Amino acid sequence: MADNKFHCIILKGGDQYPYFPRPLLSEFDFKIPISNPKPEAEEENPDAENGNVGDEREKLEESFVQKTLDVALMADLVEATSSTHSQRAELARKELEVNKTLLQLLAVECREGEERGMKALELVELMRDSTGRMMEAAVKVAERYGRTVLGEKIREVGERRMLGEMDGM
C-alpha cells in the first residue's frame, strides 16, 4: 500500500514466487466498500434524486473510513517512532482531511432534512478539532441549510469539548 494504491505482483500459472527478472508491479486503486452494490433496476435511473444523494453519501462515508484508517496508521507511526516534523505535519494534514470529509457528510445530512439531525450531530461529535474552527464551520454549514436548532446543538458540543479540554490541562 502506498498513496491509496495497492501494489502487487501478479504471478502467472501455478507460480508461487516471483521469477527472475522480477515482473513489474501491478497497481490498483485502494477502496474500502462499505455497502452492497445497488440492484440493476436502481442503477438504470441515474436521475433519481435520492439515488444521487445516496451515492454521494456512500462515497463520502467510504472516504471517511479510508481516511480515518490512514490517520490511525500515521498516528501509530508518529507515536511509535521518533517522528520527524514532516511526519507530524502529514498527520495534522490527514486529520484535517478527515474533518473536511465529515463537514461534507454534514452538508449531505442537512440537505436531507430535519429528521436527519441526530446523524448530523453524531458526525460533528466524530470531528477531531482542538481549535474549535471545525465546530464553527459545522455551525455555518447547519445554518446555511436553515438548521438553526442543529447549529445550537453543535455549539453546545463545541463548548463541552473546549471545557473538557480545558479541565484536562
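Bear in mind that the values in this text are calculations on the coordinates, not laboratory data. Keep in mind it's a predicted model, so treat the numbers as computed, not measured. When we count neighbours, we look across all protein chains shown, and the Cβ atoms used for this are built from the backbone with ideal geometry, even at glycine.
Across the chain, the mean sequence separation of Cα contacts (distance under 8 Å, 6 or more residues apart), normalised by length, yields a relative contact order of 14 percent.
Across the chain, the volume of the C-alpha convex hull divided among the residues equals 182 Å³ per residue. Summing charges over all other residues whose Cβ lies under 13 Å from the Cβ of MET1, with Lys and Arg as +1 and Asp and Glu as -1, gives -2. Temperature 25 °C, viscosity 0.890 mPa s: under these conditions the Stokes-Einstein estimate for region 112-152, based on its Kirkwood radius over C-alpha pairs, is 236 µm² per second.
Taking Cα centre as origin and charging only the Cβ of basic (Lys, Arg, +1) and acidic (Asp, Glu, -1) residues, the dipole magnitude of the chain rounds to 620 debye.
Counting only DSSP H runs of at least 4 residues, each contributing -39500 (n - 2.57), and dividing by the residue count of the chain, the helix-based mean residue ellipticity at 222 nm comes to -21000 deg cm²/dmol.
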